[in-house]
Each structure stands twice: as C-alpha cells, then as structure tokens.
1. Say R0 is 30 Å: what FRET efficiency, to the nearest 0.05, do GLU178 and ASP11 get from their beta-carbon distance?
2. About its Cα centre, how strong a charge dipole does the chain have in debye, to the nearest 20, once Lys and Arg get +1 and Asp and Glu get -1 at the Cβ?
3. Over all directions, what mean area does the Cα convex hull of the chain project, stated in square nanometres?
4. Place a label point 7 angstrom from the Cα of ASP30 along the Cα-to-Cβ direction, then list the residues of the stretch 202-221 whose backbone nitrogen is under 20 Å away.
5. Using Cα-Cα distances under 8 Å and only pairs 6 or more residues apart, what relative contact order does the stretch 142-274 have, in percent?
6. Compare the Cα positions of GLY20, SER35, VAL6 along the charge dipole of the stretch 1-89 (+1 at Cβ of Lys, Arg; -1 at Cβ of Asp, Glu; about the Cα centre) and return the one farthest towards the positive end.
7. At 222 nm, what helix-only mean residue ellipticity would the chain give, in deg cm²/dmol to the nearest 500, using -39500 (n - 2.57) for each DSSP H run of four or more?
8. Once you place label points 7 Å from the Cα toward the Cβ at ALA137 and ASP189, how far apart are they in nm?
Amino acid sequence: MRILVVDAFTDRPFGGNPAGVCLLDRPVPDDWMQSVAAELKHSETAFVEPVEGDEAARATPAVDYRLRWFTPEVEVDLCGHATLATSHVLFERGESGPIRFSTRSGVLTVTRDRSGAVGMDFPALPAQEAPAPGGLAAALGVTPVWTGRSRFDVLAVVESEAVVRELAPDLVALEVVEARGVIVTARADDGSPYDFVSRFFAPAVGVPEDPVTGSAHCVLGPYWAKELGTPDGTALTGAQLSARGGIVGVTMHGDRLELAGRARTVLEGELRGV
C-alpha cells in the first residue's frame, strides 16, 4: 500500500503543512487508520480509495473517491490541507479532474488549472458573534477585539498582524476551550501582499499549532470578505504565520468558497503495517 508525505499550501519542499496520504488498495478498519495517523504524527493523514462499480453508479451526486482525515488522536470532519495533498497526488498519477470526494462534510470537488494550482470547492463556515469562552484571553495572552464561533472552531480577531505573529499561547489552557480549535486572525499590514493573516491552535485534537489550515479558511473567508467589503468572486489571500508558514487563496461563492493552493510531494514509500 502506497503512502506519501506532501507539503500543502506551498510551492517549495519543507514549507506549508505536511500531510500523510495513504492510497488504500483494500478496505481497512478505522482503528488501523487511526494507528497510521498516530505513527506519522502529522496534523492530518488522509486515506483515499476509489468509489467504483455499483456504489459509484448509485451515488448522488456522483463521486470518484472516498476520503477520510485523521489527526494523531481523532478522525475529523473537514481538512483542507490533506485534501489538497491528496488531490496533488492523484493529479500526479494521471487524474485530469474534476475529482469528486465523498467525505464527512459532503461531496468536495477539486480541479487543477494549467499552472498546477489546485482549487477546492468547500463549504463556507461563517462564524457567528459569540462571547469569548472563559479563559480564552488568558490562554492566548491577548484580549481579542471580536470573537465568534463557527461549526468547529472559535474565531478570535486581534488588533494587528504583529499580535498574530508574536502570539505565544498557553496550549495546555487552550485544551479546555470547547471547540476543535482556535483561529486567531488580523487584517494584514498596509502594503502586504496578503489580505489577512492567521494562526490555528487545536491542542484538544492533538494538534498544538497547525502549520497551514485549509478548513480554518472556510471561516476566515466569510469573515474577511464581509470586513473588507469584497463581493462574491473576489479572490482574497491569507497568510498563515506558523513557523513553516503557507498561503491560501480564498474566493467566496455564496455559501461555498474555493480554497486554492499548491503542493509538493517530498516522500513516497510502501506501508507494510497492514
């Protein structure tokens, strides 16, 4: 069984967010997938298998692959960078697209343009304004100027790009926040090539700080499109300011959005623990 490591949301090796991609050639139990993800220790490992024959014919809408994502500790409902990594692998193996994935967040459709950039059709997950969870400011070491909640995460807006860059949160304290993770964001500095910046912390699901988080941009896209007054169809650029860093393109389309990025395969091998 083939397994790869792909750096997502970057155009260079050892940047962006590394994801494991396991090309399943047979059905495997859930606990086996969880064990592989724990072994690899990436923030997410993707497991992909073709949907063929009668199952493919019955699927509405039509799908090409089944896709699941696991952190080292749990299965998650949505993951952008591991979807980008998986798509990159499939395109390298001859898929021409569009590729339609059946996932726990519905059908996700992925395409690739002539330059090699991958675009992913994802659900928009706008945050609704909500009080900051107890202890959030103390855990972050800064008081947000606005807080909200999306389907999965807490969104904390801070006053400047510098605050995002310099954040050194208490990750143990963040574990008690009742959410998958905490997105911290600010408008990019004047003159920046980016529209907004962010970081993402999810110690509750085994990911202290995620290098680049596609699904967080399903929250960031709606928020910043509204704040910046950009109409549907306008491309925004987000920079995630982790140590590795990465760039995510976001274009709103009503209750959906396109996440865009590049990826590089850095390792491929044979998984023998089957």
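1. 0.25
2. The calculation lands at about 320 debye.
3. 14.2
4. Only 204-207 pass the distance filter.
5. Relative contact order here is 17 percent.
6. Of the listed residues, the answer is VAL6.
7. Calculated mean residue ellipticity at 222 nm is -5500 deg cm²/dmol.
8. The answer from the label model is 2.7 nm.
The values are calculated or read from the model by the stated rules, or taken from the named source; none is laboratory data. Just so it is clear, the model here is predicted, and its values are computed rather than measured. Using ideal geometry, Cβ is built from the backbone for each residue, glycine included, and neighbour counts are taken over all protein chains shown. The accessibility values were calculated without ligands, DNA or RNA, using every heavy atom of the protein model including side chains. Shrake-Rupley method; radii C 1.70, N 1.55, O 1.52, S 1.80 Å.
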